[in-house]
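Laboratory data are not the source of any read-out in this text; all were calculated from the coordinates shown. On a predicted model such as this, the values are computed, not experimentally measured, just so you know. Reconstructed Cβ throughout: ideal geometry from the backbone, glycine too, with neighbour counts over all protein chains shown.
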Amino acid sequence: MRKEALINETRPHDSAFKHVSGFAEYTDDIKEPENTLYGAIGWSKKAHAIIKKIDLTKVKSSKGVVSVVTYIDIPGRNDVGPVFDGDPIFANKKIEFYGQPLFAVAANTTELARKAVLKAKIIYKELKPIVTIQESLNKKKLLFKVRKIKRGNATKILSKSKNKLKGNFTTGSQEHFYLEGQAAFVIPKEDNDLVVYSSTQHPSETQQIIAKMLNQKSNSITVVVRRIGGGFGGKETNFMTSSICSLLAYRTKCPIKLRLDRDDDIIITGKRHEFYSDYEVGFNDDGEIKALKLKLASNCGMSPDLSYAINERALLHVDNAYFISNLEVDNYLCKTNISTSTAFRGFGGNQGMMAIENIIDNISRYLNKDPCEIRKINFYKKNKKNITHYGMKIEDNVINEIFNKLIKKSNYKKRCLEIKKYNSRNKYKKKGIAITPVKFGISFTTIHLNQAGALVHIYTDGSVHLNHGGIEMGQGTHTKIAQLVSKSFGIPYEKVQISSTNTSKVPNTSASAASSTTDLNGAAALDAVKKIKLNLEKFIRSKYKIMSKNEPLYKNESIILGNKSFKFKNIIQEAYLNRISLSSTGFYSTPKINFDKEKFHGRPFLYFCYGASVTEVTIDTLTGENIVDRVDILHDAGNAINPALELGQIEGGFVQGQGWLTIEEIKWKSNGQITTFSPSTYKIPAVSDVPKKFNVEIFKEGKNKENVVNKSKTTGEPPLMLAMSVFFAIKDAIASTSNYKKIPVIDAPATPEKILMSINRLKKN
């Protein structure tokens, strides 16, 4: 491989070797000073209760314990809520969910700390918990007032519709199950300053939360993140671990390391929102939707966290790729006594998309038509029917091109016929196939979050140091941004070094989320590069009397200006000797976006990502077992910066979505206790679950119409939605058991148990 890392060319992830060899350093790998103590959290064994008495005497006297802290020991704000209050670090009097932190200890070893927290004596007055969406709706326990979205007159058109369907549908919760659990390491410095090493997607907000907790200024807290072992949204707002670790360090004046074990991690932290939809849809004989009334409710858990924004994105994606002229949606944010539901890859968009895709599928089965054709009939068009229900004009629509190309490449039509023949010959094994589209909006819907900063230095030897606000979670952000910078300077990739994300270098950053990390931080880095290049150009023109108006060309470690060529390393040295600044900050804010949250109208996204997938499955009608036989994906990544990294994101996102829709199932008892809190009871996709044939291709004609770095498009969240085709292929296989004459009823995830129940319902009806 040549050393120049050109844009649009494959290059290994900057930490690839370290990842597979075990040399990559994560928070828990950081070497501790001799006086380091280790933390553990004591949490509630009740889901809803009043604390009558808490006795920590035996905890404090336990072997190796140095310090015990409760809410009383917090000098400032006892809350880690990122937008709204409601997430106390430690409960005071009232318990709101099973696993809620009550106190924490610092001890000489992790083992001693974890043993000590078990010795607490707590007397509760139990209250009846609310666990499910239906319980919350029945008791009208909501976090916010019902949000109503309207376009046209769905009620009127429904009354006149020739064809109507009613029904309901649920998509389940999902555990993040990142490889690296929640972890923090805090080192106290002089004047109560703290250096916080944290596995977080949001260093700046971690800094602010800790500062408010300690009643200190933000400048006294420095948060450092080199990499995290997966986040998927679960480390966007979960500030509990870093806050408790910081409080212990503040109290003891000793370095503290706190790492949750897997069970505690799952019990304490939030999950993907479960969503329930209740719908009535009217459509013509061709399957074109004329009106849709939708009730959309989510299980938000005990506090708001990001639920308002997550439900908002669900509302923004209830159309997926379809034009719906008359639409009414009522949105309910349900308060329950489970751990606070939080961000998860897709951020509500996928739950909204599943609701409309289920409706589309049911329409096709009602009309006895291919779901593929019903989807195509309802697609947004290019010059008409191109305005969303929130008033945004779709200017980059390529869904038809992608869909038609994938139909042809995957031999979808031929395979549909072959599958029906197979099903007619096989009594117990049934096959199903489905093709589903993806249209996903890219930007934070909270406008002020669409900004980023960067810091770039050129040293006198011509090497470049880069820092930005994005977090490397395994997705290759650092690699892609380093490629952008090396290309812009015309130097080899190896001469660009990216250091840990650090709040003392780049302040006030947004979370690495919303599929915007490279878009935002890459543009900020290039802005800093541009400023340095302007300094160099001015210097070269002045010193060498170059009158040419041509732009400088940076290529092959040289700068070409006019008819002169300068070696990059040499001209950098010259610039330094002539006191020219070789360092600059960069900044970027996303243009064009505007969105009125109250009126639910405007342009919340800079652009859309498009994709489609075809999935073929086989189910066993006696056991419910399902196997994904083949997947074909065509996804628009724009002008990809690094195609290999994008393909990895598409494949990984798809399998994670497959897990959400078919395998992973969160269970709570009626008393609010979670039962799926370990790898033994909660299953994620294994190697054996990966499709036998997995054909993934980037849409080569794709190019971002907006002025985004390299005209690329993100592959963070959108690929997860490609897995919708797995669910509807299973549904197709179930439908074959009634010779495709009945509409199967099944919720997600489509576990073997649910598949069997769905088949049995078809037999009875």
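For the reader, a short list of remarks on this structure follows.
- Between region 314-376 and region 90-124, the Cα center-to-center distance that results, in Å: 40 Å
- In order along region 435-445, phi translates into HN-Hα couplings of 10, 10, x, 9, 10, 10, x, 10, 2, 5, 6 Hz, rounded to whole numbers, per the Karplus curve 6.51 cos²θ - 1.76 cosθ + 1.60 with θ = phi - 60° and x for Gly and Pro.
- When the chain is described by a simple charge dipole with +1 on each Lys and Arg Cβ and -1 on each Asp and Glu Cβ, the residue from H202, V66, N397 located farthest towards its positive end is N397.
- Projecting the Cα atoms of L449, I387, L367 onto the charge dipole of region 362-516, computed from C-beta unit charges around the Cα centre, puts L367 farthest toward the positive end.
- Stokes-Einstein diffusion coefficient of the chain, Kirkwood radius over Cα pairs, 4 °C, 1.567 mPa s, in µm²/s: 47 µm²/s
- Helices of the chain meeting both criteria, an alpha-carbon length of 30 angstrom or more along the long axis and an average Kyte-Doolittle score not below -0.5, with helices taken as full DSSP H segments, are 517-544.
- Evaluated with a Cβ-only charge set (Lys, Arg +1; Asp, Glu -1), the chain carries a dipole of roughly 1780 debye about its Cα centre, given to the nearest 20.
- Least to most buried among H457, H448, H468 (fewest other Cβ within 10 Å first): H448, H457, H468
- Using a cut-off of 23 Å between Cα atoms, the listed pairs K393/K413; K382/K599; K382/K413; K115/K257; K271/K711; K271/K429 include K393/K413; K382/K599; K382/K413; K271/K711; K271/K429 as exceeding that distance.
- For region 480-628: rounded, prolate or oblate by the Cα gyration tensor [a/c cutoff 1.5]: prolate
- Kirkwood hydrodynamic radius of region 597-698, from the reciprocal of the average inverse Cα-Cα distance over all distinct pairs: 16.7 Å.
- Exposure proxy order (Cβ contacts within 10 Å, fewest to most) of D29, D732, D265: D29, D265, D732
- For the chain, the residue among N299, Q100, S341 whose Cα projects farthest onto the positive side of the dipole built from Cβ charges is N299.
- Near A513, no amide H atom lies under 5 Å from its own; only residues 5 or more places off or on other chains count, and H is placed 1.01 Å from N.
- Packing-based exposure ordering (other Cβ within 10 Å, fewest first) of L455, L536, L137: L137, L455, L536
- Taken about its Cα centre, region 614-675 carries a charge dipole of about 360 debye when Lys and Arg each add +1 at the Cβ and Asp and Glu each add -1 at the Cβ.
- Rounded, prolate or oblate (a/c below 1.5 giving rounded, otherwise prolate when a/b exceeds b/c) for region 44-100 by Cα gyration tensor: oblate
- Taking Cα centre as origin and charging only the Cβ of basic (Lys, Arg, +1) and acidic (Asp, Glu, -1) residues, the dipole magnitude of region 645-727 rounds to 60 debye.
- Helical mean residue ellipticity (222 nm; -39500 (n - 2.57) per DSSP H run of 4+; nearest 500) of the chain: -9000 deg cm²/dmol
- Region 130-178 and region 510-549 have Cα centres separated by 48 Å.
- Built amide H within the under 5 Å cut-off of K94, gap 5+: I51
- The alpha carbon centroids of region 435-484 and region 264-299 are separated by 32 Å.
- Cα-based shape type of region 130-235, given that a ≥ b ≥ c are square roots of the gyration tensor eigenvalues and the cut on a/c is 1.5: prolate
- In this structure, the residue pairs whose Cα-Cα separation is over 22 Å, taken from K420/K742; K93/K235; K405/K705, are K93/K235.
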